[in-house]
Amino acid sequence: MKLTDSVQFLKGVGPKSVENFQKLGIFTVQDLLLYFPFRYEDFASRSVFELLDGEKATLIGKVVTPANVQYYGFKRNRLSFKIKQDEAVIAVSFFNQPYLADKVEVGKEIAVYGKWEQAKQQLLGMKVVAQVDDGLEPVYHLTAGMKQSSLVKAIQQVFDAGVLTELTENLPQFLLQKYRLMGRQEAVRAMHFPADMQAHKQALRRVKFEELFMFQLKLQALKNKEKSGRAGLAIAFETQEIEDKIFELPFELTGAQRRALNEILQDMKSSYHMNRLLQGDVGSGKTVVASLAMYAACLANFQAAIMVPTEILARQHYANLKALFPELSVSLLVSGLKTSERREILADLASGRTHMVVGTHALIQEGVDFYNLGLVITDEQHRFGVNQRKVLREKGQNPDVLMMTATPIPRTLAITAFGDMDVSIIDELPKGRQPITTRWVKHEQFAEVLKWIKSEVDHGAQVYFVSPLIEESEALDLKNAEALFTELQEYFGMFAQVGLLHGKMKNDEKDHIMQDFKAKKLDILVSTTVIEVGVDVPNATIMVIMDADRFGLSQLHQLRGRVGRGTKKSYTILVANPKSDSGKQRMKIMTETQNGFILAEEDLKMRGSGEIFGVRQSGLPEFVAADLVNDYNILEVARKEAVALFKEAEHYPELIAQVSVEGGFD
Ligand code: ADP
Ligand code: MG
């Protein structure tokens, strides 16, 4: 037998099994060896004195009474006997497995796995464990129609044939020594048939490290390929012209904005192809940095495009860019334009008459062609899928790429999903910002909240109310928003102007409402979550989120980020009567921290990495053994070692060959 042999040559593996194996990604003997169990049934024997009520465990004892089978009802029966473990006599019962009586011999040892019932001092038997000294039994993921036992038999066969010795070590020796990692062969054996829990732990540690290390090495290879393989555009602009523009801004850039901008401009100027993530908490001022980068591209006679997830945001950016660059031609491309309007915009993009364009998904549709696209930016990048970002990029000849995210990416993900990108971080808020006070109130206290808001509005405050989110039902969302709107209109009467904003409104209606709110013609804006990302009205200082427990932490943080954008004191009120513990916990965390980074980490812990930040979409592979949340320490070490090793890649040709990739993660 060889490692490269197909599994179809194994005994007991017929065509049907081969098909099942293939579904699990098992084609060769080596694949089978590396198909690890995801957990183990612990059949190691325990002492009856340490068992808790309801706990499942194996007890070994000497049989002291013969097996007695009692029949009752139709086909129902109970097998009972007693065993003695040290000084304890324990009753054992099995239901509807009368044939087990053969295994019960007075005076002989028996190992029974079952559930301990404290009150009855009885073990409710589930199975008689065959190998008394083999404590851990592997449990594998299967596909329909497969049995654990047949998989185990196939694996056992492979071990018996001795091919494991052919499996070569893939980690460098110095790493094995430095981190006291188990050798590969030993680890593979211990993954399938661990002698005990300790051996299993050691094996798992090695396997996790290997998985994360290889992944990080692959990221290094990708990053390297980006840098050397694809020459980017050298965008030639006059730095002084950018400085002049910065001078015109109504505020001074923060140090962090300066730093990020310089990093971006440097990438753009060089022929290195920029692939950069601009990360900064809500309100940190990413827009102006992006705008200046777009300006640089235009100064060098390239076009620049920015794609945003919502139309409201697109309109806001559009207005900003037009105000900031009156000398340039800026276009807005969203869906639902009149045919003639759209035709004109597309013509201007294709002819190069348009310098800058802001758009939603409408930007990546067919028929949208550019004259010479030099820079593409995606704002709130996690809202877009891998392919959407790619399509936009491909509208140009390898343009520089900048992705922006207001959702802070937890360190775990930052070094995995985005490990092949360069990162700029804005870790400083503009001067004069005050911390936002966040309160969690119950629905019973809502009347009090309204009273307080009335007096705040009286003093010139502007307020957002976000209506409850009904998952996957836009119709209900709308109904909720309308009901809240009516309620507030009635409550405030002559005292405040209330507006309503929702996703189903026509473009110009949305625009109108936002303009009115910005111009302070409205005091209160009731909205569905369409305002979640990006919206910027610095004078709004109160955010009320109804049924806040229906939102995830990151979304709450985004919503809260709509206030606290000016120099006035701001508040967020979470109205919620959460039923679940996690709901309560989320409300509590929100009142305790305003640090988006901490919140994102908490969110990751509570929800798992798969769901968050469109990780799936970012192309992050599913890990077999490693877990991004719990194995952060291993990940960090793997990352460090991979970076170091890649610098001496020429000494590790085999290893590098394994990770050199055709495609990428993005
Ligand atoms: P985000 O990073 O969440 O996209 P924005 O770019 O929308 O944040 O900026 C938030 C607000 O802060 C805007 O009103 C913007 O004009 C303002 N702002 C940006 N930079 C500065 C600065 N350096 N000083 C003062 N205000 C700033
Ligand atoms: Mg923004």
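The values are calculated or read from the model by the stated rules, or taken from the named source; none is laboratory data. Computed from a prediction, not measured in an experiment: that's the story for all the values here. Because the Cβ atoms are built from the backbone with ideal geometry, glycine has one as well, and the counts that use them run over all protein chains shown. Surface accessibility is based on the protein's heavy atoms, side chains included, excluding ligands, DNA and RNA. Shrake-Rupley method; radii C 1.70, N 1.55, O 1.52, S 1.80 Å.
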Q: Name the residues whose placed amide hydrogens come within less than 5 Å of the amide hydrogen of L278, ignoring near sequence neighbours (fewer than 5 apart) on the same chain.
A: M403, M404, T405, S424
Q: Count the lysine pairs in segment 239-426 whose Cα atoms sit under 25 Å apart, keeping only pairs 8 or more residues apart in sequence or on different chains.
A: 13
Q. How big is the accessible area of Y652 in square angstrom, nearest 10, if you roll a 1.4 angstrom probe over the protein chains?
A. 60
Q | Highest-first arrangement of 182-195, 510-523, where packing means the average Cβ count within 10 Å | A | 182-195, 510-523
Q: Read phi for every residue in segment 44-54 and hand back ³J(HN,Hα) as whole Hz from Karplus 6.51 cos²θ - 1.76 cosθ + 1.60, θ = phi - 60°, with x for Gly and Pro.
A: 5, 5, 10, 8, 4, 5, 9, 7, 9, 4, x
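By its C-alpha gyration tensor, with a ≥ b ≥ c as the square roots of the eigenvalues, how is segment 436-593 shaped: rounded for a/c under 1.5, else prolate for a/b larger than b/c, else oblate? Don't skip to the answer; put the middle values down first.
Working: a/c = 1.40, a/b = 1.20, b/c = 1.17.
Cα axes put segment 436-593 in the rounded bin.
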Q. At a 1.4 Å probe, what is the % contribution of carbon and sulfur to the accessible area of segment 492-547?
A. 53
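Tally the DSSP beta bridges in the chain and give the antiparallel ones as a percent, rounded to 5.
Among the beta bridges of the chain, antiparallel pairing accounts for roughly 40 percent.
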Q: Treating cross-link reach as a plain straight distance, find the aspartates and glutamates whose alpha-carbon is under 20 Å from the alpha-carbon of K56, omitting any fewer than eight places away in the same chain.
A: E41, D42, D86, E109, E117, D133, D134, E137, D196
Q.
Leaving out ligands and nucleic acids, and using a 1.4 Å probe, what accessible area per residue does the chain come to in Å²?
A. 48
Q) Roughly how many percent of the accessible protein surface of segment 239-426 is carbon and sulfur, given a 1.4 Å probe and a whole-percent answer? A) 48
Q | Size of charge dipole - the chain - debye, nearest 20, with Cβ of Lys, Arg +1 and Asp, Glu -1, no other charges | A | 1140
Q: Can you find, among L181, L253, V152, the residue farthest towards the positive end of the dipole of segment 135-253? Put +1 on the C-beta of Lys and Arg, -1 on that of Asp and Glu.
A: V152
Q: Could you tell me the accessible area of F95 in Å² (1.4 Å probe, neighbours in place), rounded to the nearest ten?
A: 90
Q: Mind giving me the nanometre distance, one decimal, between the label points for K153 and D102, set 7 Å out from Cα along Cα→Cβ?
A: 1.7
Q: Distance between Cα centroids, segment 534-607 to segment 266-324: provide it in whole Å.
A: 27
Q. Mind ordering 305-318, 107-120, 160-173 by average Cβ neighbours within 10 Å, highest first?
A. 305-318, 107-120, 160-173
Q | Karplus-derived 3J(HN,Hα), 6.51/-1.76/1.60, for each residue of segment 143-160, Hz, glycine and proline x | A | 10, 4, x, 9, 10, 3, 4, 6, 5, 4, 4, 4, 5, 4, 4, 5, 5, 4
**Q.** Sequence-distant residues sharing a close amide H with V129 (under 5 Å, placed H)
**A.** A111, V112, Y113
**Q.** In Å², nearest 10: area of V13 left accessible to a 1.4 Å probe
**A.** 20
(Q) What are the ³J(HN,Hα) couplings of segment 312-324, residue after residue, when phi is run through the Karplus curve with 6.51, -1.76, 1.60 and θ = phi - 60°? Round to Hz, x for glycine and proline. (A) 4, 5, 4, 5, 5, 4, 4, 4, 4, 5, 4, 5, 7
Q | Which of L525, V537, L333, positive extreme of dipole for the chain (C-beta unit charges) | A | L525
(Q) What aspartates and glutamates does K504 reach when the alpha-carbon gap must be under 13 Å and sequence neighbours fewer than 8 apart in one chain are set aside? (A) E311, E474, D477, E482
Q) Under the rule of -39500 (n - 2.57) per DSSP H run of 4 or more residues, summed and divided by the residues of the chain, what mean residue ellipticity at 222 nm is obtained, to the nearest 500 deg cm²/dmol? A) -12000 deg cm²/dmol
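Considering only Cα-Cα distances, which of the following residue pairs are longer than 30 Å: K120/K579; K431/K579; K120/K584; K153/K178; K218/K605; K11/K75?
Details: K120/K579 36 Å; K431/K579 39 Å; K120/K584 38 Å; K153/K178 36 Å; K218/K605 26 Å; K11/K75 36 Å.
Violating the 30 Å limit, Cα to Cα: K120/K579; K431/K579; K120/K584; K153/K178; K11/K75.
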**Q.** Residues whose placed amide H lies under 5 Å from that of L501, excluding near-sequence neighbours
**A.** V526, S527, T528
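Taking the Cα centre of segment 44-133 as origin and charging only Cβ (+1 Lys, Arg; -1 Asp, Glu), how large is the dipole, in debye to the nearest 20?
Details: 13 positive and 10 negative charges, 88 e Å.
So the dipole magnitude of segment 44-133 works out to roughly 420 debye.
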